[in-house]
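Participant: Have a look at this one.
Just so it is clear, none of the values below were taken in a lab; they were calculated from the coordinates. In this text, all values refer to a predicted model and were calculated from it rather than measured experimentally. Positions of Cβ are generated from backbone atoms using ideal geometry, with glycine treated the same way; all protein chains shown enter the neighbour counts.
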Amino acid sequence: MDGDAELIFYHGPMGAGKSTFALQTHFNQGQQGRTGLLLTTLDRSGEAEVTSRIGLSADAVALGPGDDLQATVLGHHERRELDYLVCDEAQFLSSTQVDQLARIVDDAGIDAFAFGLLTDFRSVLFPGSARLVEIADEVHRMQAIVLCWCGRPGFLNARIVDGRVARTGAVIAVGDTHDGPVVYRALCRRHYVEGRAAR
């Protein structure tokens, strides 16, 4: 067993480049001769892939809310020994799945890099993200600069419905930062609280 394996969580608001960084991490690890597995939960594409708004994408293993993450990963590990995992949209993992991810790190010696939102549109921690903050070896806020419409740093994810900031609704509603039935925008705390999505 590799006692040096780690679980590392990177978080940031919509538009911070989390999926791009996840894909870059997967590519860079592979360039070092390491064998890895790319995982996702509820990617914006609706497919078994990780997609970035700048046009990058890669096939991935898609996990659902009731899936046994540990069994899925270890099944792949038996076929080809894995050195690392990259898990995008980690906020959608259940607390149980995050615990399974940690057990893979500790018991199988596989590094895990998780990327996701910290809070939902109500500014409440996602259960998966909360558990990652509680047990990850390292937690990092993405350094990409995401701005509110006013120019201040935007770090709260507002759900916009008919041009207004939504305060109620299903916690999980997959959307994007552009056109669509569900639109998200990163706002500063002041404008999130005021519910002002634009000038």
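Participant: Just grab the label-to-label distance for residue 171 and residue 106, each label 7 Å out from Cα along the Cβ direction, in nm (one decimal).
Facilitator: 2.4
Participant: Next question. Where does helix 95-108 land angle-wise versus the long Cα axis of the chain, in degrees 0 to 90, nearest 10?
Facilitator: Helix 95-108 and the main axis of the chain meet at about 30 degrees.
Participant: Pulled fully out, how much extra length does the chain show between residue 99 and residue 133, if you take 0.36 nm times their separation in residues and subtract their Cα-Cα distance?
Facilitator: 11.1 nm
Participant: Taking H placed 1.01 Å from N in the peptide plane, check which residues at least 5 places from residue 158 or on another chain put their amide H under 5 Å from its amide H.
Facilitator: 185, 186, 187
Participant: Another question, then. Per 0.36 nm of contour for each residue apart, how much would the distance between residue 35 and residue 68 grow if the chain were fully extended, relative to their Cα-Cα spacing?
Facilitator: Length difference between fully extended and current span is 9.8 nm.
Participant: If you don't mind, another one. What is the local net charge at residue 12, summed over the other residues whose Cβ is closer than 9 Å to its Cβ (Lys, Arg +1; Asp, Glu -1)?
Facilitator: With Lys, Arg at +1 and Asp, Glu at -1, the net is +2.
Participant: Taking R0 as 25 Å, what's the FRET efficiency between residue 57 and residue 80 from their Cβ-Cβ distance, rounded to 0.05?
Facilitator: Efficiency, rounded to the nearest 0.05: 0.70.
Participant: Might you report the magnitude of the Cβ-based charge dipole of the chain about its Cα centre, with Lys and Arg at +1 and Asp and Glu at -1, to the nearest 20 debye?
Facilitator: Computed charge dipole of the chain: roughly 1500 debye.
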